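K.L.:
Mind having a look at this structure? Questions to follow.
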């Protein structure tokens with residue numbers, strides 16, 4: 001028999017699916033995160049290879065006609081030394097045809113068969129991508145935490161901390177979002193921050209706390225913004241509105257004037273009951289807006305197209321969807 005393998009390799013988990021030309025999922029495998037920007041290339045490549053091996057089970061790797069790996073941090077493979085590490089991993093498990101693409105491509109493919117469109121990702125980071133022929137042809141945003149990631153969970157968390165620092169420094173009330181941030185970051189309550197001296201001490205401690213960790217850790221404050229928004233807090237509502245505006249701006253920047261193709265939304269900031277997601281949908285009114293279902297199935301379908309041609313059945317697996325639903329609440 002001939003097979004195709006799809007892999008969705010993210011920052012926190014990696015999943016693989018083995019499919020046939022009829023769209024049946026014959027095996028699955030999973031592992032820890034495999035973003036080569038967050039993990040050593042040898043570690044990331046090994047985790048992807050292990051997930052693929054798990055999906056293969058007892059099937060012969062020689063039967064794999066195509067493999068598509070959707071990877072967060074794919075730009076790292078532009079370094080020939082890193083690419084060599086991954087090539088060695090593919091060879092070690094007996095694969096000869098592996099195509100590594102941006103995770104945004106497999107997310108887009110999970111939601112639609114349309115070859116052209118736009119993908120808007122907002123999880124821990126953010127990026128908007130122009131899709132042509134199911135491949136990423138251009139981007140808007142996506143420059144990482146230092147240069148961009150507008151509207152992402154990182155951005156929301158950073159703005160939550162900034163808003164808290166402003167409230168502390170300007171003598172504003174600390175109930176709502178500032179109180180939640182101080183409790184989460186420093187385990188401080190309103191009783192601990194009543195005088196000017198206490199406010200100054202809390203401000204310094206919060207700055208120290210935020211700078212002591214990896215910048216991406218600011219994403220942990222994003223849910224506090226959503227909760228404060230839903231409670232009607234003005235500062236949180238302003239943060240959410242700015243986040244949505246920046247994301248819509250990037251999505252439209254990735255599109256051509258008058259384009260009528262779909263926009264696929266991906267990531268914890270845009271899916272579910274996220275207030276940012278609701279405003280983004282409103283900002284994209286008049287455009288077909290879809291939500292990414294499952295990246296690993298998108299990757300498996302892209303691999304099946306590579307292996308068996310256009311018109312191949314899209315793979316569907318209730319087991320994979322149930323597993324994905326249990327883990328998809330994490331930022332990013």
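We did not get these values from a lab; they are worked out from the coordinates using the rules stated. Fair warning: this is a prediction, and the values are worked out from it, not measured in the lab. Reconstructed Cβ throughout: ideal geometry from the backbone, glycine too, with neighbour counts over all protein chains shown.
K.L.:
Mind jotting down the distance between the C-alpha centroids of the range 222-243 and the range 197-211, whole Å?
P.N.:
Cα centres, the range 197-211 to the range 222-243: 22 Å.
K.L.:
Test of understanding: what is the full-extension gain from residue 143 to residue 291, defined as 0.36 nm times their sequence separation minus their Cα-Cα distance?
P.N.:
Gain in length upon complete extension: 51.0 nm.
K.L.:
Also, I was wondering about something else. Evaluate the distance, in nm, between pseudo-label points positioned 7 Å from the Cα of residue 191 and of residue 2 along their respective Cα→Cβ axes.
P.N.:
Using points 7 Å along Cα→Cβ, the separation is 7.1 nm.
K.L.:
Arrange the following residues from fewest to most other Cβ atoms within 10 Å of their Cβ: 191, 264.
P.N.:
191, 264
K.L.:
Still on this model: Considering only C-alpha atoms, what is the centroid distance from the range 291-314 to the range 1-72, in Å?
P.N.:
If we compute the Cα centre of each part, the gap is 14 Å.
K.L.:
Among 233-245, 42-54, 195-207, 250-262, what's the highest-first ranking by average C-beta atoms within 10 angstrom per residue?
P.N.:
With the highest mean Cβ count within 10 Å placed first, the list reads 42-54, 233-245, 250-262, 195-207.
K.L.:
Something else now. Sort the following peptides by mean Cβ neighbour count (other Cβ atoms within 10 Å, averaged over residues), highest first: 159-168, 208-217, 32-41.
P.N.:
Answer by packing, highest mean first, reads 159-168, 32-41, 208-217.
K.L.:
Starting from the coordinates of the alpha-carbon atoms of the range 1-135, obtain the Kirkwood hydrodynamic radius over all distinct pairs and give the value in Å to one decimal.
P.N.:
Roughly 15.0 Å, rounded to one decimal.
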